[in-house]
Structure formats: C-alpha cells, structure tokens
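Below you'll find the structure, written out as structure tokens, and then a few comments.
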Amino acid sequence: VQLQASGGGLVQAGGSLRLSCAASGRTFSSYTMGWFRQAPGKEREFVAAINWSGAITYYSDSVKGRFTISRDNAKNTVYLQMNSLKPEDMAVYYCAVKRGLGSAYVKNEYDMWGQGTQVTVSS
C-alpha cells in the first residue's frame, strides 16, 4: 500500500502547478483524501481535502480561491491544482488518507501518508 505524490517543481510567483497523488496496492475510493504541506522549520499544515465522492471539499483560508482539489476514483488518484502561487506556498506537499470519521482539517486524523513533493516558488 503506497501513496505516491508527484508534480512538484520550481515555478515563479503567480504561476501554477498541479500535484498528483496516486494510491497503489488498494483502493481509497471510500475515504477522504487530503493535502498537507510543511515548510522548513514549521509544522505540517492542512491545505485541502476531499471526501470519498468528491462532492465535499475543504480548504485552508490561505489557499481558498487559488487551489482546487479533485479526485478520480477510477484512477485512484487525487489532484491539487495550484494557481496564483505565492512564495509563502513553498513547502513539501504531502498527500494523505483519512479512514476514520474525524475532522478532515486535522493532521492526526490521517493515518496513511505519501512521501511528499517539493514545491518551490520564486519571487
């Protein structure tokens, strides 16, 4: 069972990136999936989450209106479209699966994590 995040890279401020998180080994179509990020010296923080069907999404205030989370259950993949990137968005981005009923905003409610992908935003 593995979560593989990809799509990170270097982008200028104002640019866009799309992150992907592919799950292998089992299906995660029944679970909420989320994206978190961690900048150097800071705690890992919630970015966005999406429920099992894709009908409900959650965003942190810092990315609302700029980032869009989506999923394709047939491909066992969740995406994070990031637009209007800012230098403060620079971090390692992690995808995760929440199999319980706890809050989608809470890091500790997620019980499976991918390895992270670096997003660098130049000003």
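The values are calculated or read from the model by the stated rules, or taken from the named source; none is laboratory data. Treat the numbers as computed from the prediction; the structure is a model and nothing was measured. Methodologically, a virtual Cβ is constructed for each residue, glycine included, from the backbone with ideal geometry; neighbour enumeration extends over all protein chains shown. These area figures cover heavy atoms from the full protein model, side chains too; ligands, DNA and RNA do not enter into them. Shrake-Rupley method; radii C 1.70, N 1.55, O 1.52, S 1.80 Å.
Quick notes
- Count Lys and Arg as plus one, Asp and Glu as minus one, and take only other residues whose Cβ is under 13 Å from that of GLU43; the net charge is then +3.
- Local net charge near GLY100, Cβ-Cβ under 12 Å (Lys/Arg +1, Asp/Glu -1): 0
- Extension gain for SER70 to THR57 (0.36 nm times residue separation, less C-alpha to C-alpha distance): 3.9 nm.
- The reciprocal of the average 1/r between distinct C-alpha atoms defines the Kirkwood hydrodynamic radius, which for the chain equals 14.1 Å.
- Peptides 9-20, 79-90 ranked from most to least packed by the mean count of surrounding Cβ atoms within 10 Å: 79-90, 9-20.
- Accessible area in square angstrom per residue, the chain, 1.4 angstrom probe: 50
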